[in-house]
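Here the structure comes first, spelled out in structure tokens, and everything after it is commentary.
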Amino acid sequence: MQLKRLYEPGTTEIVGIRLLSKPSRTQKITQQFIDEFTGYGLLSIGKGVVTIHAQGGDVNFNIISSPGYYCCFDGKRMAGEQAAKAYVADNFAGQTSPDPQNPAGYRRDSFYLCELMKGGE
């Protein structure tokens, strides 16, 4: 998804955003993105939904998962890194991680994994 920031003429104050391309069905939305646009009143998050208040209408995404630690074997959310290490050791000892990018068998996601809601384009 590509966005264009809209500025108050002659200033650097952001007053809106416009979608330059149709959002993908799934999006990884970072905390930095949420913080920036929430601060301008152009994004809201609540009840499991991220809403981008764009020129031309709102775009809504269901939150599938939030930032944190996850087991690569079964996708279970972990309380933290130590809990993830222990969970993998207790439940998947000796097995090769199904995710070659995360050979320890767990990963830390730094984004909200979201899915575009119908009618949210």
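The values are calculated or read from the model by the stated rules, or taken from the named source; none is laboratory data. This is a predicted model, so every value here is computed, not measured. Because the Cβ atoms are built from the backbone with ideal geometry, glycine has one as well, and the counts that use them run over all protein chains shown. Accessible surface areas use protein heavy atoms only, side chains included; no ligands, DNA or RNA. Shrake-Rupley method; radii C 1.70, N 1.55, O 1.52, S 1.80 Å.
Just to check I understand the Karplus step: with θ = phi - 60° and J = 6.51 cos²θ - 1.76 cosθ + 1.60, what whole-Hz values come out for the stretch 54-59, glycine and proline as x?
Karplus values, whole Hz, x for Gly and Pro: 9, 4, x, x, 6, 10.
Among VAL15, VAL49, VAL59, which one moves the most in a GNM of the chain with springs linking Cα atoms closer than 10 Å?
VAL15
In nm, to one decimal, how far is the GLU81 label point from the SER21 one, both placed 7 Å along Cα→Cβ?
With each label point 7 Å from Cα toward Cβ, the separation is 3.4 nm.
Nearest 10 degrees is fine. How inclined is helix 81-92 to the longest principal axis of the chain, computing both from alpha carbons?
With both axes taken from Cα atoms, the answer is about 50 degrees.
Share of the chain's accessible area from carbon and sulfur, percent, 1.4 Å?
47
Go ahead and estimate [θ] at 222 nm for the chain from helices alone: -39,500 (n - 2.57) per DSSP H run with n ≥ 4, summed, over the residue count, rounded to 500.
Computed ellipticity for the chain at 222 nm equals -5000 deg cm²/dmol.
At 7 Å along the Cα-to-beta-carbon direction for both MET117 and GLU8, put a label point, then send me their distance in nm to one decimal.
3.0
Once you charge only the Cβ atoms, +1 for Lys and Arg and -1 for Asp and Glu, what is the size of the charge dipole of the chain about its Cα centre, to the nearest 20 debye?
240
Write down Rg/Rh for the stretch 68-109, rounded to two decimals, with Rg from the C-alpha atoms and Rh from the Kirkwood relation over Cα pairs.
Over the Cα atoms of the stretch 68-109, Rg/Rh equals 0.90.
If you count only protein heavy atoms with a 1.4 Å probe, what accessible area per residue comes out for the chain, rounded to a whole Å²?
Computed with neighbouring chains in place, this is 62 Å² per residue.
Please go through the stretch 1-93 and write out the GluC sites (Glu not before Pro) that DSSP classes as loop and that have at most 11 other C-beta atoms within 10 Å.
GLU13
Given a 1.4 Å probe and heavy atoms of the protein chains only, how would you sort SER65, SER110, largest accessible area at the top?
Output order, biggest surface exposure first: SER110, SER65.
Can you give the percent of C-alpha pairs in the chain whose distance is more than 22 Å?
Summing the P(r) tail past 22 Å for the chain gives 46 percent.
How big is the accessible area of ARG18 in square angstrom, nearest 10, if you roll a 1.4 angstrom probe over the protein chains?
We get 90 Å² for ARG18.
Which translational diffusion coefficient, to the nearest whole µm²/s, is obtained for the stretch 1-58 from the Stokes-Einstein equation, given a Kirkwood hydrodynamic radius over C-alpha pairs, 10 °C and 1.306 mPa s?
Taking Rh from Cα pairs, D becomes 131 µm²/s.
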